[in-house]
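Take a look at the structure below.
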Amino acid sequence: MTTKHKPKYRRIAQLKTADNFRDYLATIGTDLPFEDTLAAPGHSPAANAFKLNSGKTIGNRFCILPMEGWDGTTDGKPSDFTKRRWQNFAISGAKLLWGCEAVAVRHDGRANPNQLLINKANLDEYKRLFETLNSEHHQKFGNTADLLIGIQLTHSGRFCKPNDTKKLEPQILYAHPVLNRKFGLGEDYPVMQDDYIDRLIDDFVKGAVLAQRAGFHFVDIKHCHGYLGHEFLTAHDRAGKYGGSFENRTRFLTSIVAGIKAEAPGMEIGVRLSAFDWVPFKPGVDQVGIPESFNSDKYTYAFGGDQSGTANDLTETYKFMELLRALGIQLVCITGGSPYYNPHIQRPALFPPSDGYYPPEDPLVGVARQLHVTADIKKAFPDLAIVGSAYSYLQEWLPYVGQAVLNNNMADFIGLGRMVLSYPEMPEDILHGNPLKRDKLCRTFSDCTTAPRNGMISGCFPLDPFYKALPEAALLKEIKLGE
Ligand SMILES: Cc1cc2nc3c(=O)[nH]c(=O)nc-3n(C[C@H](O)[C@H](O)[C@H](O)COP(=O)(O)O)c2cc1C
């Protein structure tokens with residue numbers, strides 16, 4: 001994607017002092033909390049343990065967000081690439097590993113032919129992986145009693161590509177007027193049947209039982225990023241017991257939770273939620289993102305979004321949070337939007353992935369949006385354990401913003417995504433008061449998204465020497481040059 005007119009936002013690396021950062025935030029009219037200095041090691045709010053209602057303790061306030069590598073075996077087992085990534089998560093210094101990545105509960109629900117799959121045949125692999133994570137963490141930090149590791153269970157819904165990296169095999173809940181059009185599905189494309197959903201609920205429960213047997217401490221019932229769990233929340237137009245009323249649109253979740261409680265007692269449950277969403281975006285003039293058009297004056301397909309399609313309305317988000325609380329779900333990871341149709345609100349970046357668009361706002365605005373939504377939710381649900389996302393774009397300022405968020409009770413955990421692909425030991429460095437390794441800071445080149453969009457494995461090709469040396473890195477360069 002080349003253009004002479006891409007928007008010019010200041011690079012974070014140029015904002016060298018607290019005053020530079022403050023002034024720039026004022027210039028772009030964005031309110032981001034940050035502290036001018038970092039607390040001494042041992043005094044950082046990030047070093048405080050968190051006790052869950054279940055009695056389990058999480059040793060500090062860093063959480064590794066789930067990140068897929070599109071690199072499992074075709075039968076859904078972790079490959080050496082997968083293991084390396086998860087091991088890096090385990091020795092990052094974070095004490096909460098959220099899900100490590102999306103793991104499908106059935107083959108046809110996989111987002112790509114190399115997505116992990118949890119089933120009986122693969123159980124031993126997951127057991128071994130869990131043991132490795134624990135032993136590596138123990139070797140480095142001497143204690144795993146305060147380490148909490150989950151598996152993110154998923155079905156990819158309209159973004160399923162189970163058999164071919166280039167062929168979507170969508171399974172949709174309703175005819176979405178914009179997404180059907182954007183991804184080439186006719187209005188009459190068949191919707192998922194209720195009896196399939198009934199069986200899928202069983203698959204999620206079975207997945208949780210297997211995850212518990214493998215040793216994992218919790219499962220995340222994924223409700224974000226446009227995948228199936230998330231799509232249920234906007235299935236207003238769907239007939240039958242899984243569409244229409246709020247109760248029906250959340251029946252998928254409540255049924256899975258009931259099943260897990262019955263079949264895997266003691267298993268902790270979490271939910272990763274796109275707490276807000278907007279209309280899909282597309283490249284406009286000079287490839288800068290603009291909203292897709294929709295044929296109505298009211299957009300009703302954005303959970304946590306208002307009818308304009310480009311602003312938040314958290315009314316139903318709060319209702320959903322009430323439901324989570326009522327179900328006894330304490331672990332909630334907040335995110336927003338979808339990487340497939342509005343990536344700038346989901347993972348703010350200076351450089352778009354190959355199928356994206358230039359950010360229509362300074363990426364710091366996107367960071368601030370997620371941070372404030374998370375803070376509003378934390379304020380309204382102080383008893384829940386709330387993880388925030390989308391901090392990676394902060395780069396040098398990440399520790400300073402994270403400290404302010406924790407000190408002001410705007411989240412319980414600082415979630416780290418892309419940053420730990422390039423700089424896995426960042427949490428440890430922050431906790432020990434080590435200077436940041438600037439050459440490892442993620443600069444949001446989006447190669448970790450461009451690679452899988454072109455059928456390749458994911459990883460940090462620009463900065464991680466391991467991925468830099470792979471043939472895929474050269475191929476990726478060619479693809480980017482050809483755009
Ligand atoms: C390569 C890649 C893979 C991802 N895979 C997942 C995933 O499996 N499940 C999920 O919930 N989010 C996934 N995400 C989203 C991240 O968890 C996170 O929300 C996002 O990157 C924003 O956080 P960050 O600014 O720290 O990167 C992925 C992101 C990237 C870049």
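The values are calculated or read from the model by the stated rules, or taken from the named source; none is laboratory data. Note that this is a predicted model, so its numbers are computed, not measured. Reconstructed Cβ throughout: ideal geometry from the backbone, glycine too, with neighbour counts over all protein chains shown. Ligands, DNA and RNA are stripped out before the accessible areas are found, and what is left, the full protein with its side chains, is counted by its heavy atoms. Shrake-Rupley method; radii C 1.70, N 1.55, O 1.52, S 1.80 Å.
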Check segment 176-187 and report whether any residue there is among the polar types (S, T, N, Q), out of contact with any Lys or Arg (no Cβ under 6 Å at 6 or more places or on another chain) and within 18 Å of residue 453 (Cα to Cα).
no
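Give me the residue from segment 350-362 that is closer than 14 Å to residue 449 by Cβ and surrounded by fewer than 22 Cβ atoms within 10 Å (Cβ to Cβ) and, out of that set, farthest from the ligand (Cβ to nearest atom).
Selected residue: 357.
Out of the residues in segment 107-133 meeting the condition of being more than 16 Å from the ligand (Cβ to nearest atom) and touching a Gly at 6+ places or on another chain (Cβ under 8 Å), tell me which one is most open to solvent (accessible area, probe 1.4 Å).
Initially, segment 107-133 is screened for residues more than 16 Å from the ligand (Cβ to nearest atom), giving 107-108, 119-125, 127-128, 130-133.
Imposing the further condition that a residue be touching a Gly at 6+ places or on another chain (Cβ under 8 Å) reduces the set to 107, 119, 122, 127, 130-131.
Values: 107: 78, 119: 49, 122: 2, 127: 69, 130: 23, 131: 112 Å².
Top of the filtered list is 131.
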For the list (1) over 30 Å from residue 361 (Cα atoms); (2) surrounded by fewer than 19 Cβ atoms within 10 Å (Cβ to Cβ); (3) in contact (Cβ under 8 Å) with a residue 60 or more places away in the chain; (4) among the charged types (D, E, K, R), I need the number of the one condition that residue 238 fails.
(2)
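Quick check on this structure: which one of 40, 49, 104, 94 is surrounded by 24 or more Cβ atoms within 10 Å (Cβ to Cβ) and within 30 Å of residue 382 (Cα to Cα)?
After ruling out the rest, the residue left standing is 94.
From the list 431, 441, which residue is at pLDDT 95 or above and within 16 Å of the ligand (Cβ to nearest atom)?
After ruling out the rest, the residue left standing is 441.
If you go through segment 257-266, how many residues are at negative phi and either open to solvent by 20 Å² or more (accessible area, probe 1.4 Å) or in contact with an Asp or Glu (Cβ under 9 Å, 6 or more places away or on another chain) (or both)? Even if it seems obvious, please write down each step before you answer.
Keep residues of segment 257-266 that are at negative phi, which gives 257-265.
Of the ones still in play, those that are also either open to solvent by 20 Å² or more (accessible area, probe 1.4 Å) or in contact with an Asp or Glu (Cβ under 9 Å, 6 or more places away or on another chain) (or both) are 258-259, 261-263, 265.
The qualifying residues number 6.
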Matching residues, segment 200-235, being open to solvent by less than 30 Å² (accessible area, probe 1.4 Å) and part of a loop (DSSP other than H, G, I, E, B)
215, 216, 222, 224, 225, 226, 227, 233, 234
Close pairs (7 angstrom Cβ cut-off, 6 or more residues apart or separate chains): closer than 15 Å to residue 65 by Cα in segment 204-222, open to solvent by less than 10 Å² (accessible area, probe 1.4 Å) and assigned to a loop (DSSP other than H, G, I, E, B) anywhere:
220/98; 220/99
Taking segment 137-160 and the residues there that are in contact (Cβ under 8 Å) with a residue 40 or more places away in the chain, open to solvent by 50 Å² or more (accessible area, probe 1.4 Å) and of a type outside the set (S, T, N, Q), the one that is farthest from the ligand (Cβ to nearest atom) would be 145
Report yes if residue 70 is open to solvent by 40 Å² or more (accessible area, probe 1.4 Å), in contact with a Pro (Cβ under 9 Å, 6 or more places away or on another chain), within 16 Å of the ligand (Cβ to nearest atom) and at pLDDT 95 or above, otherwise no.
yes
When you go through (1) over 22 Å from the mean Cα position of the chain (by Cα); (2) surrounded by fewer than 17 Cβ atoms within 10 Å (Cβ to Cβ) one by one for residue 165, which number turns out not to apply?
(1)
Among the residues that make up segment 457-469, is at least one of them more than 15 Å from the ligand (Cβ to nearest atom) and within 21 Å of the chain's Cα centre (by Cα)?
no
Output for segment 1-37, where each listed residue is under 28 Å from the mean Cα position of the chain (by Cα), loosely packed, with under 11 Cβ neighbours inside 10 Å and at pLDDT 95 or above
11, 14, 29, 31
Total residues in segment 323-349, condition open to solvent by 10 Å² or more (accessible area, probe 1.4 Å) and either among the acidic types (Asp, Glu) or more than 18 Å from the chain's Cα centre (by Cα) (or both):
5
Test residue 365 against the criterion of being touching a Phe, Trp or Tyr at 6+ places or on another chain (Cβ under 6 Å), within 15 Å of the ligand (Cβ to nearest atom) and touching a residue at least 24 places away in the same chain (Cβ under 8 Å), and give yes or no.
no
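Pick from 447, 412: which is at pLDDT 95 or above, near the ligand (Cβ under 10 Å from one of its atoms) and within 28 Å of residue 342 (Cβ to Cβ)?
Working: 412 fails: near the ligand (Cβ under 10 Å from one of its atoms).
So the residue among 447, 412 that is at pLDDT 95 or above, near the ligand (Cβ under 10 Å from one of its atoms) and within 28 Å of residue 342 (Cβ to Cβ) is 447.
Yes/no matrix, rows are residues, columns are (1) surrounded by 18 or more Cβ atoms within 10 Å (Cβ to Cβ); (2) more than 18 Å from residue 92 (Cβ to Cβ):
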site	(1), (2)
379	no, yes
391	yes, no
395	yes, no
401	yes, yes
406	yes, no
436	no, no
479	no, yes
Close pairs from segment 308-322: first within 21 Å of residue 252 (Cα to Cα) and open to solvent by 60 Å² or more (accessible area, probe 1.4 Å), partner outside any loop (DSSP other than H, G, I, E, B) and acidic (Asp, Glu), Cβ under 9 Å, at least 6 apart
318/376
